[in-house]
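Trainee: Quick one: this structure, given as structure tokens, is what I'll be asking you about.
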């Protein structure tokens, strides 16, 4: 049986998605990217919901996270969290704005 990281790696390869590291955390995969452009590529390929949270508060940094799946049409597919660290002045691509939700 493939690990969550292996499933996410397969999804990345199938969609030619950029990443710097992919790991498993329980039943989910965590994907780390180089920045917002990479995160947007994942969203364009797999869809999902985006959140942004200060990392840590007052640091001037924001942790962006895409909440998606290896196959968005299959509710049983592996949950994937795609992360990008950015300056709080960096802007998300306007095309991805519909996926943005407020952090809880």
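All of the numbers you see were taken from the coordinates with simple rules; none came from a lab. Fair warning: this is a prediction, and the values are worked out from it, not measured in the lab. Every residue, glycine as well, gets a Cβ built from its backbone with ideal geometry; the counts of neighbours run over all protein chains shown.
Trainee: Using label points projected 7 Å from each Cα along Cα→Cβ, tell me how many nm separate residue 28 and residue 16, to one decimal.
Mentor: Going by the 7 Å Cα→Cβ label model, 2.9 nm.
Trainee: To test your reading of the geometry: what angle, between 0 and 90 degrees and rounded to tens, separates the Cα axis of helix 4-15 from the longest principal axis of the chain?
Mentor: The answer is roughly 80 degrees.
Trainee: Next question. Taking each pair of distinct Cα atoms in the chain once, what is the resulting Kirkwood hydrodynamic radius in Å?
Mentor: It is 13.7 Å.
Trainee: Calculate the spin-label point distance for residue 63 paired with residue 90, positioning each point 7 Å from the Cα along the beta-carbon direction, and give it in nanometres.
Mentor: Using points 7 Å along Cα→Cβ, the separation is 1.5 nm.
Trainee: Residue 53 to residue 6: FRET efficiency via 1/(1 + (r/R0)^6), r the Cβ-Cβ distance, R0 25 Å, to the nearest 0.05?
Mentor: In this case the efficiency is close to 0.35.
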